[in-house]
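Here is the structure we will look at.
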Amino acid sequence: MNPIATKVAVIGAGISGAVCASNLAKNGISVTIFESARGPGGRMSRRRETSEDERELYFDHGAPYFTSTNNDVEEMIRGWEARGLVAEWKQNFGSFDFNTKKFVNFEKEGLSKKYVGIPGMNSICRALCQEPGIESKFGVMVGRLEWLENEDSWSLKDVNGQDLGMFNGVVASDKSTFSQRFTQVTGKPPPLDLNVIPEISDKIKDVPVKPCFALMLAFHNPLSSIPLKGFSFENSELLSWATCDSCKPGRSTSSERWVLRSTEKYAEGIIGKAGLEKPSNAALAEIAEQLFQEFQRTGLDVSLPFFKKAHRWGSAFPATSIARDEKCIWDRRKKLAICGDFCVSPNVEGAISSGLAAASLFSESFSCL
């Protein structure tokens, strides 16, 4: 098969799918990305909000930053730095103990490099999805993946049954492609029928996830009583960590913006009662108030914010790794790769590593034909 004529569909425009697509395109493979959201990023999304006084506010409400210990990932990061897509976030980090009401476990600046996208965490994915050889289709939810044995290819359709094209291979970087989460949201079976891939179905049929709520806060003045710009919470039933968004490189400093994440236990309790349907504005407002009150109970001088809003992450954070050594799930015969942080490690570095591995397997496979 001529690699120039090879077409691969990538489902999901998070960092794993975007990295995979970029590397496939660099190897002469034509790539089409399908993303159900309005833009790229996944858990690295950047949220745009408007306050009551019409201020435009931006929040990294998913992954606050990322680190790397992998040589291949670090090489990619250096390339992104050269393009102005990422910068090192040089701040002190630590923990806050609710019992003692003190900051503990201070981590010295530079002990482990932390990187952020510029001007938002989604900037990396956005740039990768616009590279030559890649066509990105946002707001398109793939509803069916059909393997055509006679054609040795995949047929894709959207949730309404409209044809999305034929492809020589498929990369599934979105867990909903094969999980019951898709059914819970749409009422329809997942796009990928696991009976089509019996050799790997046992590995992917159940990927446990950790839910959480993110609380976005904006203040007129800096929270000067907080000595750290990123910290975890110890001994809190409601909060797990907090980061100051506005102190990251390349961000607006017209207001001080913080993102707090709830504990898994708190989120599970809410979802257990309310279900997985999209929360109402009233429900989110109540959750936002509960999380903010917990923030105030730190005893720190936390003023009232002029903006406060909660966001639910129902299944973005994987609880296990299903292909740690291989880094992705691969069906060579059907040219199907499943990649993401749930394959390697539940963080951005794991997602990047998995996307690189999937792209490498595709490129090797097609070059042999």
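Side notes on the structure shown:
- Some residue of the stretch 293-304 being touching a helix residue (DSSP H, G or I) at 6+ places or on another chain (Cβ under 7 Å), buried (at least 17 other Cβ atoms within 10 Å of the Cβ) and in a helix (DSSP H, G or I): no
- Per the conditions (1) surrounded by 15 or more Cβ atoms within 10 Å (Cβ to Cβ); (2) part of a loop (DSSP other than H, G, I, E, B); (3) on the phi < 0 side of the Ramachandran plot; (4) modelled with pLDDT under 95, the sole criterion not satisfied by Gly28 is (3).
- Flag for Ser315 being crowded, with 17+ Cβ neighbours inside 10 Å, touching a helix residue (DSSP H, G or I) at 6+ places or on another chain (Cβ under 6 Å), modelled with pLDDT under 95 and of a type in the set (Gly, Ala, Ser): yes
- Residues that are of a type in the set (D, E, K, R) and surrounded by fewer than 19 Cβ atoms within 10 Å (Cβ to Cβ), drawn from the stretch 230-271: Glu234, Glu237, Arg251, Glu264, Lys265, Glu268
- Flag if Gly165 is over 23 Å from the mean Cα position of the chain (by Cα) and not assigned by TED's automatic domain parsing to the domain that holds Pro227: yes
- Unmet requirement for Thr183, which otherwise passes all of (1) over 21 Å from the mean Cα position of the chain (by Cα); (2) exposed (fewer than 15 other Cβ atoms within 10 Å of the Cβ); (3) not basic (Lys, Arg): (1)
- Residue match in the stretch 106-118 (condition: outside the structural domain of Ser16 (by TED's automatic domain parsing), closer than 23 Å to Val259 by Cβ and of a type in the set (Ser, Thr, Tyr)): yes
- Leu128 vs. criteria surrounded by 12 or more Cβ atoms within 10 Å (Cβ to Cβ) and at pLDDT 95 or above: yes
- Meets criteria (touching a residue at least 12 places away in the same chain (Cβ under 8 Å), under 18 Å from the mean Cα position of the chain (by Cα) and outside any loop (DSSP other than H, G, I, E, B)) for Ser321: no
- Near pairs, Cβ below 7 angstrom, 6+ apart or cross-chain, from the stretch 280-299 (under 16 Å from Trp241 (Cβ atoms)) to any residue that is modelled with pLDDT of 95 or more and among the hydroxyl-bearing types (Ser, Thr, Tyr): Leu291/Ser262; Glu294/Ser236
- Single residue of Glu349, Glu364 found to be without any contact (Cβ under 8 Å) to a residue 60 or more places away in the chain and assigned to a helix (DSSP H, G or I): Glu364
- Residues (under 18 Å from the mean Cα position of the chain (by Cα), buried (at least 20 other Cβ atoms within 10 Å of the Cβ) and within 23 Å of Leu260 (Cβ to Cβ)) located in the stretch 59-97: Phe59, Asp60, His61, Gly62, Ala63, Pro64, Tyr65, Phe66
- Any hit, the stretch 353-367, residues being touching a Gly at 6+ places or on another chain (Cβ under 6 Å), under 25 Å from Ala63 (Cβ atoms), at pLDDT 95 or above and not charged (D, E, K, R): yes
The values are calculated or read from the model by the stated rules, or taken from the named source; none is laboratory data. As the structure is a computational prediction, the values presented were derived from the model and not from experiment. When we count neighbours, we look across all protein chains shown, and the Cβ atoms used for this are built from the backbone with ideal geometry, even at glycine.
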